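We did not get these values from a lab; they are worked out from the coordinates using the rules stated. This is a predicted model, so every value here is computed, not measured. Virtual Cβ from ideal backbone geometry, glycine too; neighbours counted across all protein chains shown.
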Amino acid sequence: MNTGEYIQLEERYGAHNYHPLDVIIERGEGIWVYDVGGKKYLDFLSAYSAVNQGHCHPQIIQALTDQAKKLTLTSRAFRNDQLAYFYKELAELCEMEMVLPMNTGAEAVETAIKTARKWGYKRKGIASNQAEIVVCTNNFHGRTTTIVGFSTEKQYRDGFEPFTPGFVIIPYGDADAFAKAVTPDTAAFIVEPIQGEGGVVIPPAGYLKKCSEICRKNRVLFILDEIQTGLGRTGKLFAYQYENVKPDMLILGKALSGGVYPVSAVVSSKEILGVFNPGDHGSTYGGNPLACAVARAALRVIREENLVENAYKMGQYFREILSTIRSQHIKEVRGKGLFIGVELYPEAKGARRFCEALMHEGLLCKETHENVIRFAPPLVITKNNLDWAFERIQKVLKMN
């Protein structure tokens, strides 16, 4: 079938809950993907940072196929030989004590919410049914009904009420607002160190540190959602490391599997994750041997190929050259590592048309929050690749 026929079939049988670019990708390798007509594109989205290690990384695919031939799923009714290794390796990487594995990012966020509430009741002594969790404006933590209930994006909420109570929303980047929001019933603060879907929004310097201190002072769990920023994307293993703080809990996903298989996790201390007893929480697929084998390989690739260091170096270079573009449309170039947002003026008539133009130039990216183009290529990218991309980006951003 040709591109048009694929699109027609998808539009006929698929729910219309996405608005993708009209490219039908057939295969991928490293930083490149190919459509059904054989055209080659540079992937500048990395499946929203899930493919940090590059498409179909041989080492991760080998781990997948080797494990798939032996054992894929036992459920958590039994133990498997991959889970203990995964626990140990991820806990040590995060400098934490305990891991609770799930599948998707949203499941991990839901797990963090349940953990925080139970910890609030069982450890902090909050009265039953009174626990509060503080979140931020323009957050994006997933798509479940509980999570969209504390979103400030009108579309994410429209038609899905009634919502779960117990969430307090404050402005992102405002530590003073957080301090004022804390009460004796506050169990946790869940925050993204950089807001991805919000438009690659970076908080003021020192924000995370101030928030961490407020949490410590008030015995509130400091929970960082690093599903999109974590595992090298920002030029540090975790984005919070730019401020030398220590979260009480990390929420991870996406690149935890290199984009090969759904794997997510909550990582924390024994004191916090120790609130769970058998039967309190679970997942048939969470922690399955196939997922664990894939995730272990994905983490090895990040370490062995120095992807964190490459993200820092290449990100610094790319932001520097992007800032040289003289375009009437560009309001700001911002980011850390290879997590970059180019914000356009409203007069530019939206970021999507530029993403569509870049697609025709052989570069795939996606708009977010209408006026922001997000650039997030796989962390294996080289300077020559970035120069190739820059030529096309510069050309497109100079169009009327």
Please label the shape of region 58-304 as rounded, prolate or oblate, based on the square roots a ≥ b ≥ c of the eigenvalues of the alpha-carbon gyration tensor (a/c under 1.5 means rounded; beyond that, a/b larger than b/c means prolate, else oblate).
-> prolate
Only helices counted: for the chain, with every DSSP H run of 4 or more residues adding -39500 (n - 2.57) and the sum spread over all residues, [θ] at 222 nm is -10500 deg cm²/dmol
Hey, got a sec? Which trypsin sites (Lys or Arg not before Pro) in region 171-270 land in a DSSP loop and have at most 15 other Cβ atoms within 10 Å?
-> R219
Would you work out which of V148, L256, P203 lies farthest towards the positive end of the dipole of region 58-304, given +1 charges on the beta-carbon of Lys and Arg and -1 on that of Asp and Glu, about the Cα centre?
-> L256
If the cut-off is 17 Å between C-alpha atoms, which aspartates and glutamates fall inside it for K331, apart from same-chain ones fewer than 8 positions away?
-> E320, E343, E347, E367, E370
Choice from K122, K69, K331 showing the highest fluctuation, given a GNM over the chain with Cα pairs closer than 10 Å = K69
Can you give the charge dipole size of the chain about its Cα centre, rounded to the nearest 20 debye, using +1 on the beta carbon of Lys and Arg and -1 on the beta carbon of Asp and Glu?
-> 640
Sort T111, T74 so the one with the fewest other Cβ atoms within 10 Å of its own Cβ comes first.
-> T74, T111
Three-way shape call for region 358-400 based on the alpha-carbon gyration tensor, with the a/c threshold at 1.5 = oblate
Which entries of K39/K254; K124/K270; K88/K118; K366/K395; K154/K336; K122/K270 show an alpha-carbon separation above 20 angstrom in the structure shown?
-> K39/K254; K88/K118; K154/K336
